[in-house]
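Undergrad: Quick one: structure below, then a few questions.
The values are calculated or read from the model by the stated rules, or taken from the named source; none is laboratory data. Since we're looking at a predicted model, the values are computed, not measured. Backbone-built Cβ (ideal geometry, glycine too); neighbour counts: all protein chains shown.
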Amino acid sequence: VIDIKNLYKEMGYFTYDPGFTSTASCRSDITYIGGDQGELWYRGYPIDQLAEQSSFLEVAYLLLHGELPNKRELDTFNRAITHHTMVNESLKNFFNGFHYNAHPMAMLTGVVGSLSAFYHDTVDVNDPHNRMLCAYRIFAKMPTISAAAFKHMLGEPFVYPQNRLSYCGNLLNMLFSRPSEEFEINPVAERALDQLLILHADHEQNASTSTIRLTGSTGTNPFAAVAAGCAALWGPAHGGANEAVLNMLEEIGDVKQVPRYIDKAKDKDDPFRLMGFGHRVYKHYDPRASIIRKTCHEVLDELGIYNDPQLELAMRLEEIALADDYFVERKLYPNVDFYSGIIYRALGIPTEFFTVMFAIGRAPGWLAQWMELVTDPEQRIGRPRQLYAGPSKRDYVPLHRRS
Ligand code: ACO
């Protein structure tokens, strides 16, 4: 019989840290989160300045290349990304294999992973040119694949990317235009979407990014790694929370019901949690949530949606929660997902598609983190340890002798 306590002594020390709440898995130059002050910087630039003044394309360049682009660099980047928005025509066959009501995250995860079957030429991750080419391809094709999943859900023909449009204009066009109808891109919707994508672009070592780093540490190709990231993002405790928030608001239904649901969220015997509330790192208002909250009002006003019942419900929920000792003591504040769904819905995006929008926004961060990982000389294959708590060593008992 092995004495487990002594076995661990012999093996030396390592930390037991379920959920990695206090273990840094890497050094990174990309994103800083000041959880106690509610700060978020990409490459040193505060998120509020980027959200107000830059564009998603500029932010993607910043994340991928480390510096903001000058005008010429941005134009070149724009041309390169536009050049890669098309997908191989045979990719349509992948969508045809999905049932019309497949969850769009299932389609996105599967189809992004399948890109590795089309780009054998660039999957050598040791070549810097290949790495950047893969990153550009994934970043450029995410909206095309996502919009194809959307059209497949609706049973409508796919809309091809149009190079004259902006990144977000193109996405809106691929989502909402139909061959037989005139479609005009609403500039308010285009800007709001651009801002939402900026706010989602990176968030250091969250679950999906860590998944990409762990997967990437094996030397696998970035298409496979990003597919793994999509799968991790899908969960309701992570990127699926924006979908869960709207479902929750729907379930609450009426402002009068808010106190009852706040009580449910506090009840430890009830699995209900206030979706869009709380964060592993922020113990302060999520800076992205305050920007989105403001944008939410602006977008609804601009689109002529006044007194939106779900926005009123969300604000009442926030007001009551933030005055409640349970939430105050645990430092639970609205996170990025609390208001984003209300904007997506106002733009005409259905609830089950919200996490796909999150994935489009997060793509440049995932790719920057993947490139940082594969070029970091300190990185080794990710291989967490465990604290074994099972039975001690014992002898096999033949079937006929087991009671
Ligand atoms: N509603 C009610 N209670 C909550 C909530 C919530 N949303 N979030 C945390 N708590 C409570 C926990 O029950 C726990 O209470 P206890 O100390 O009495 O046991 C305490 O607050 C700490 O919570 P943990 O679960 O330990 O915090 P953790 O850092 O592990 O989880 C998480 C963070 C997953 C975001 C959590 O707050 C949550 O489930 N929120 C709802 C889902 C959500 O909005 N996810 C999106 C996150 S942001 C993003 O991914 C983009």
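Undergrad: Are any residues in region 303-329 outside any helix (DSSP H, G or I) and surrounded by fewer than 13 Cβ atoms within 10 Å (Cβ to Cβ), and if so, which ones? Break it down stepwise before answering.
TA: Initially, region 303-329 is screened for residues outside any helix (DSSP H, G or I), giving 303-308, 323-324.
Gly304, Tyr306, Asn307, Ala323 - these are the residues of region 303-329 that are outside any helix (DSSP H, G or I) and surrounded by fewer than 13 Cβ atoms within 10 Å (Cβ to Cβ).
Undergrad: If you take the residues of region 27-66 that are in contact with a Gly (Cβ under 9 Å, 6 or more places away or on another chain) and in a loop (DSSP other than H, G, I, E, B), which of them is surrounded by the most Cβ atoms within 10 Å (Cβ to Cβ)?
TA: Ile30
Undergrad: Can you tell me which residue is surrounded by the fewest Cβ atoms within 10 Å (Cβ to Cβ) among those in region 286-301 that are more than 10 Å from the ligand (Cβ to nearest atom) and among the charged types (D, E, K, R)?
TA: Going residue by residue through region 286-301, those that are more than 10 Å from the ligand (Cβ to nearest atom) are 287, 290-301.
From the residues that got through so far, the ones that are among the charged types (D, E, K, R) too are 293-294, 298, 301.
Values: Arg293: 21, Lys294: 13, Glu298: 14, Asp301: 11.
Only one residue tops the list, namely Asp301.
Undergrad: Which pairs do you get when a residue that is within 22 Å of Glu243 (Cβ to Cβ), found in region 325-342, comes within reach of a residue that is modelled with pLDDT under 90 and within 7 Å of the ligand (Cβ to nearest atom), reach meaning Cβ atoms under 7 angstrom, with the pair 6+ apart or on two chains?
TA: Listed pairs, sorted by first residue: Asp337/Ala241.
Undergrad: Something else about it: Quick check on Ala237: is it in a loop (DSSP other than H, G, I, E, B) and either touching a His at 6+ places or on another chain (Cβ under 8 Å) or within 14 Å of the ligand (Cβ to nearest atom) (or both)?
TA: On the way: in a loop (DSSP other than H, G, I, E, B): yes; either touching a His at 6+ places or on another chain (Cβ under 8 Å) or within 14 Å of the ligand (Cβ to nearest atom) (or both): yes.
So Ala237 passes the test.
Undergrad: Oh, and also: Please enumerate the residues belonging to region 100-112 that are outside any helix (DSSP H, G or I), of a type outside the set (A, V, I, L, M) and at pLDDT 95 or above. Give the steps one after another, and end with the answer.
TA: Step one: list which residues in region 100-112 are outside any helix (DSSP H, G or I), which gives 100-103.
Keeping just the survivors that are of a type outside the set (A, V, I, L, M) gives 100-101, 103.
The answer is His103, and nothing else.
Undergrad: If you don't mind, there's one more thing I want to ask. Applying the selection to region 176-214, what residues are buried (at least 19 other Cβ atoms within 10 Å of the Cβ), within 19 Å of Pro161 (Cβ to Cβ) and without any contact (Cβ under 8 Å) to a residue 40 or more places away in the chain?
TA: Glu190, the sole residue that qualifies.
Undergrad: Shifting gears a bit: How many of the residues making up region 199-214 are within 14 Å of the ligand (Cβ to nearest atom) and either in contact with a Ser or Thr (Cβ under 7 Å, 6 or more places away or on another chain) or under 25 Å from Asn126 (Cβ atoms) (or both)? Working first, answer last.
TA: Start the filter on region 199-214 by keeping residues that are within 14 Å of the ligand (Cβ to nearest atom), which leaves 199-211.
Those still in the list that are either in contact with a Ser or Thr (Cβ under 7 Å, 6 or more places away or on another chain) or under 25 Å from Asn126 (Cβ atoms) (or both) too: 202-205, 208-211.
Residues flagged as within 14 Å of the ligand (Cβ to nearest atom) and either in contact with a Ser or Thr (Cβ under 7 Å, 6 or more places away or on another chain) or under 25 Å from Asn126 (Cβ atoms) (or both) within region 199-214 amount to 8.
Undergrad: Scanning region 266-283 for residues that are over 27 Å from Gln205 (Cα atoms) and in contact with a helix residue (DSSP H, G or I) (Cβ under 9 Å, 6 or more places away or on another chain), which turns out surrounded by the fewest Cβ atoms within 10 Å (Cβ to Cβ)? Can you show your working first?
TA: Here is the first cut: in region 266-283, the residues over 27 Å from Gln205 (Cα atoms) are 266-270.
Applying the additional criterion that residues be in contact with a helix residue (DSSP H, G or I) (Cβ under 9 Å, 6 or more places away or on another chain) yields 266, 270.
Working: Lys266: 17, Asp270: 10.
Only one residue fits best here, namely Asp270.
Undergrad: Select, from Ala321, Ala346, the only residue that is aliphatic (A, V, I, L, M) and touching a strand residue (DSSP E or B) at 6+ places or on another chain (Cβ under 8 Å). It would help to see each step written out before you state the result.
TA: Values: Ala346 fails: touching a strand residue (DSSP E or B) at 6+ places or on another chain (Cβ under 8 Å).
Residue meeting the stated conditions: Ala321.
Undergrad: (1) under 10 Å from the mean Cα position of the chain (by Cα); (2) closer than 19 Å to Pro384 by Cβ: which one isn't true of Arg213, the others all being true?
TA: Here Arg213 clears every test but (1).
Undergrad: State yes or no: is Lys266 more than 19 Å from the chain's Cα centre (by Cα) and near the ligand (Cβ under 9 Å from one of its atoms)?
TA: Details: more than 19 Å from the chain's Cα centre (by Cα): yes; near the ligand (Cβ under 9 Å from one of its atoms): yes.
Against the criterion (more than 19 Å from the chain's Cα centre (by Cα) and near the ligand (Cβ under 9 Å from one of its atoms)), Lys266 qualifies.
Undergrad: Step by step: first the residues of region 215-226, then only those that are buried (at least 24 other Cβ atoms within 10 Å of the Cβ) and within 17 Å of Phe118 (Cβ to Cβ), then the one that is farthest from the ligand (Cβ to nearest atom). Which residue is that?
TA: Here is the first cut: in region 215-226, the residues buried (at least 24 other Cβ atoms within 10 Å of the Cβ) are 216, 222, 225-226.
Going one step further and asking which of them are within 17 Å of Phe118 (Cβ to Cβ), we end up with 222, 225-226.
Working: Pro222: 22, Ala225: 19, Val226: 17 Å.
Among those that are buried (at least 24 other Cβ atoms within 10 Å of the Cβ) and within 17 Å of Phe118 (Cβ to Cβ), it is Pro222.
Matching residues to (1) polar (S, T, N, Q); (2) in contact with a strand residue (DSSP E or B) (Cβ under 6 Å, 6 or more places away or on another chain); (3) in contact (Cβ under 8 Å) with a residue 12 or more places away in the chain; (4) farther than 17 Å from Leu197 by Cβ:
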site	(1), (2), (3), (4)
Gly12	no, no, no, yes
Tyr32	no, yes, yes, yes
Glu39	no, no, yes, yes
Tyr42	no, yes, yes, no
Ser55	yes, no, yes, no
Val59	no, no, yes, no
Gly66	no, no, yes, yes
Asp75	no, no, no, yes
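Undergrad: Restricting attention to region 272-285, does a residue exist that is without any contact (Cβ under 8 Å) to a residue 60 or more places away in the chain, within 12 Å of the ligand (Cβ to nearest atom), assigned to a loop (DSSP other than H, G, I, E, B) and on the phi > 0 side of the Ramachandran plot?
TA: Yes, region 272-285 contains at least one residue that is without any contact (Cβ under 8 Å) to a residue 60 or more places away in the chain, within 12 Å of the ligand (Cβ to nearest atom), assigned to a loop (DSSP other than H, G, I, E, B) and on the phi > 0 side of the Ramachandran plot.
Undergrad: Could you tell me whether any residue of region 334-350 is in contact with a Pro (Cβ under 9 Å, 6 or more places away or on another chain), in a helix (DSSP H, G or I) and within 10 Å of the ligand (Cβ to nearest atom)?
TA: no
Matching residues to (1) in a loop (DSSP other than H, G, I, E, B); (2) farther than 21 Å from Asn88 by Cα; (3) under 18 Å from the mean Cα position of the chain (by Cα):
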| site | (1), (2), (3) |
| --- | --- |
| Lys141 | no, no, yes |
| Ala149 | no, no, yes |
| Val159 | yes, no, no |
| Arg164 | yes, no, no |
| Leu172 | no, no, no |
| Ser180 | yes, yes, no |
| Glu184 | yes, yes, no |
| Ala189 | no, yes, no |
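Undergrad: Now for a separate question. Test Thr76 against the criterion of being of a type in the set (Ser, Thr, Tyr), surrounded by 15 or more Cβ atoms within 10 Å (Cβ to Cβ) and closer than 28 Å to Ser114 by Cα, and give yes or no. Give the derivation first.
TA: Working: of a type in the set (Ser, Thr, Tyr): yes; surrounded by 15 or more Cβ atoms within 10 Å (Cβ to Cβ): no; closer than 28 Å to Ser114 by Cα: yes.
It is false that Thr76 is of a type in the set (Ser, Thr, Tyr), surrounded by 15 or more Cβ atoms within 10 Å (Cβ to Cβ) and closer than 28 Å to Ser114 by Cα.
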